[in-house]
Amino acid sequence: MNSLTNKKTLKEILAAYDRQIRKDMGFWIKYRPSRWGDLLPEKYIRPLLTFIKTKGGKKFVLIFAFLLSLVFVGVIPTLNFIWSNIFRIWWILLIIPLVYWTLAITSVYSKVLVQVFFDFSRAVLRELK
């Protein structure tokens with residue numbers, strides 16, 4: 001008898017999960033983007049639909065959809081990438097100037113040291129003649 005109540009309890013638990021899943025899916029189906037027009041009052045839908053049916057309206061909707069997709073496909077992932085790698089980028093922004101200035105300072109001072117060495121050796125060679 002105890003196993004029968006466990007089975008019933010398991011069925012009740014699964015039924016509760018099933019109801020919750022159906023409720024959540026019902027919400028997402030009811031308010032999906034293709035149904036957002038139903039949320040607008042009727043007096044706004046008719047002018048919007050007539051605008052979309054015109055050539056300029058179709059072009060506007062197409063450009064708007066393109067820009068919206070660029071934002072979600074291009075900008076948002078780029079910002080996410082930058083935010084998740086900000087410290088790596090910070091190191092890159094720190095290391096590149098450091099390497100540049102290290103090479104610049106090294107090349108300037110090595111050139112000066114080489115000139116001093118040659119001037120000194122010329123002076124010594126002149127004195128030896």
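For the reader, a short list of remarks on this structure follows.
- Label point distance in nm, residue 72-residue 109, each placed 7 Å from Cα along Cα→Cβ: 5.6 nm
- Two-site label geometry, residue 65 and residue 102: point separation in nm, points 7 Å out along Cα→Cβ: 5.3 nm
- DSSP-loop trypsin sites (Lys or Arg not before Pro) across region 57-101, with at most 13 other Cβ within 10 angstrom: none
- Taking the 1.4 Å solvent-accessible surface of the chain as the whole, the part contributed by carbon and sulfur is 73%.
- Helix axis angle, 2-30 relative to the chain longest principal axis, alpha carbon, degrees: 70 degrees
- Taken per residue, the accessible surface of the chain reaches 98 Å², heavy atoms only and a 1.4 Å probe.
- Unit Cα scatterers, Debye sum, the chain: log10 I(q)/I(0) for q = 0.11, 0.15, 0.16, 0.20 Å⁻¹: -0.84, -0.99, -1.03, -1.18
- Remark on region 25-68: hydrodynamic radius 11.8 angstrom, per the Kirkwood mean of 1/r across alpha carbon pairs.
- Rg and Dmax [Cα atoms of region 54-129; Å; Rg one decimal, Dmax integer]: 29.5, 97
The values are calculated or read from the model by the stated rules, or taken from the named source; none is laboratory data. On a predicted model such as this, the values are computed, not experimentally measured, just so you know. With ideal geometry, Cβ positions are generated from the backbone for all residues, glycine too; neighbour counts draw on all protein chains shown. These area figures cover heavy atoms from the full protein model, side chains too; ligands, DNA and RNA do not enter into them. Shrake-Rupley method; radii C 1.70, N 1.55, O 1.52, S 1.80 Å.
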